[in-house]
Amino acid sequence: MKIKSVLVVLGMVGMGIQGFAQSISTSPYSAFGVGSLLFDNNIEQAAMGGISVFNTNPYSAGANFYNPAANKDLNVTSFDLGVNTHMSQFDDGSMVSKKSTTYLSNVSLAFPVGTKARAGFGFQPYSSIGYDLSTITEGDELRFRNDYKGEGGVNSFHVMGSYNVSPEFSVGVRANYLFGDLNRHQIITTEGLALVTDYSYEAKLSGFQFTAGTYYSKKIGTNKHFEAGGTYTLGANVNARIEDMTSTYMLMDNIPQNIDTIQYHKIYGDMKLPQSVSIGASYRKDLHWMFGAQLDWGDWGAYQMDEADNSNIDTRFRISAGGYWIPNFNSYKSYFDRVTYRLGGFYEATPLQFGEVGIKKYGMTVGFGFPVGKDRDASMLNLAVELGQLGKPNSSVIQENYANVKIGFTLNDIWFRKRVID
């Protein structure tokens, strides 16, 4: 079977996961909390504004890890792989800069287990830190340069399972094993002096997070369906080993000399991740079109890295809508009549707060699912483009205009099915 080669890919990913380090985030907004949140959905869902708590694949041949219960009708083994290129333009009202990065956004494998159960596992970045900023301040006839740098992120290796309670209702659960490093540095130099002060904060994280999901599908007439889904993610305490150090040194020909450690703390504690809820509903005509909407809420005000953490983070709220359209899934005259066309949009009140200013995010998405391989297995080459904006340029807030270009594929095959005739 063509999908068996997928096991080689998964094996390579698995062996490299522990040392896995991608350069993902380029945003100054990743300096706060756990960084820029990335764990969300696959490419086909991203192309429809991020809707993901119900079935979003027109052939029920793509795995849903956001809501495991929504895999009720998955009857094939499905392998999914995606890559994202993120391009950003930053505007602080006086200067404009650009950055970009490309990274592996998702890899997963899911399959039916008997007639009522489904299972799967995958890997995806959960969050990322990546920023490099400089400021100049003056005081007492001295000029100080502050360099802020951050890198690292949290990754998720996850497994999911679901069970069809009835022909219309299913339940599911997902377990995320989260691991990674968050590194932040602030370096202060004084103009005309060789003395440098370095504040370093490094956290190594590992622990579990659990999500429960439900899914309901009601047939209306001969070929239409109303669907609804929801997920609840429990708050989690992730193990954190934190090293907090302040040091000073002299720069001689740009080489640190006479390093003196002023303060050093090694802390074993927890990173507190918040609870979150997602609900949504859709209406579709089989193999032709679908439209859906979704609400997401996360209690990020409860986030805390350690007892001294005073991160200015609040509740997250997001509303998204989108859908797909297939002109004629069974067309033999036109290939493009069998393409899945996707469109969506979203608005998000992010958890980030700058004084009284809350950071808002909004965008539009478009995508395509190009059929590949045999007609019966519904394998696709997926493409999605997201154009969005984060923040507004003024004295305290930077505006980030960004574009995400996602490309990947979904390969489907039949495993674990007994042959009637050998």
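The values are calculated or read from the model by the stated rules, or taken from the named source; none is laboratory data. None of these values were measured; they are calculated from a predicted model. Heads up, the Cβs are rebuilt from the backbone with ideal geometry, glycines too, and the neighbour counts pull from every protein chain shown.
In this entry, Ala117 is excluded by the filter for residues that are under 24 Å from Tyr216 (Cα atoms) and surrounded by 22 or more Cβ atoms within 10 Å (Cβ to Cβ). Taking the condition in contact with a Lys or Arg (Cβ under 9 Å, 6 or more places away or on another chain), over 20 Å from Met271 (Cα atoms), small (Gly, Ala, Ser) and in contact (Cβ under 8 Å) with a residue 60 or more places away in the chain, does Ala203 pass? When the stated conditions are applied, Ala203 does not pass them. Consider segment 153-165 and keep the residues that are free of Cβ contacts under 8 Å to residues at least 60 places away in the same chain and over 16 Å from Ala236 (Cβ atoms). The one that is surrounded by the most Cβ atoms within 10 Å (Cβ to Cβ) is Tyr163. Does Thr214 count as surrounded by fewer than 18 Cβ atoms within 10 Å (Cβ to Cβ) and of a type in the set (Val, Ile, Thr)? So Thr214 fails the test.
Val6 meets each of the listed conditions (1) outside any loop (DSSP other than H, G, I, E, B); (2) under 21 Å from Lys406 (Cβ atoms); (3) at pLDDT 80 or above apart from (3).
Is it true that Glu168 is under 23 Å from Thr56 (Cβ atoms), over 21 Å from the mean Cα position of the chain (by Cα) and surrounded by fewer than 22 Cβ atoms within 10 Å (Cβ to Cβ)? Yes, satisfied. Of the strands (runs of 3 or more DSSP E) entirely within segment 141-241, those holding at least 2 residues that are more than 30 Å from Val113 (Cα to Cα) occupy 142-164, 169-190, 195-220.
Based on what the data block shows, is Thr115 assigned to a loop (DSSP other than H, G, I, E, B), among the polar types (S, T, N, Q) and closer than 23 Å to Leu411 by Cα? The answer is yes for Thr115.
Being at pLDDT 80 or above and farther than 25 Å from Ser36 by Cα holds for only one residue in Val385, Val372, Val420, Val405, and it is Val372.
State whether the residues of segment 74-81 include one that is surrounded by fewer than 24 Cβ atoms within 10 Å (Cβ to Cβ), on the phi < 0 side of the Ramachandran plot and outside any loop (DSSP other than H, G, I, E, B). Scanning segment 74-81, I find at least one residue that is surrounded by fewer than 24 Cβ atoms within 10 Å (Cβ to Cβ), on the phi < 0 side of the Ramachandran plot and outside any loop (DSSP other than H, G, I, E, B), so the answer is yes. Here Thr85 meets the list (1) in contact (Cβ under 8 Å) with a residue 24 or more places away in the chain; (2) farther than 22 Å from Val366 by Cβ almost entirely, failing just condition (2).
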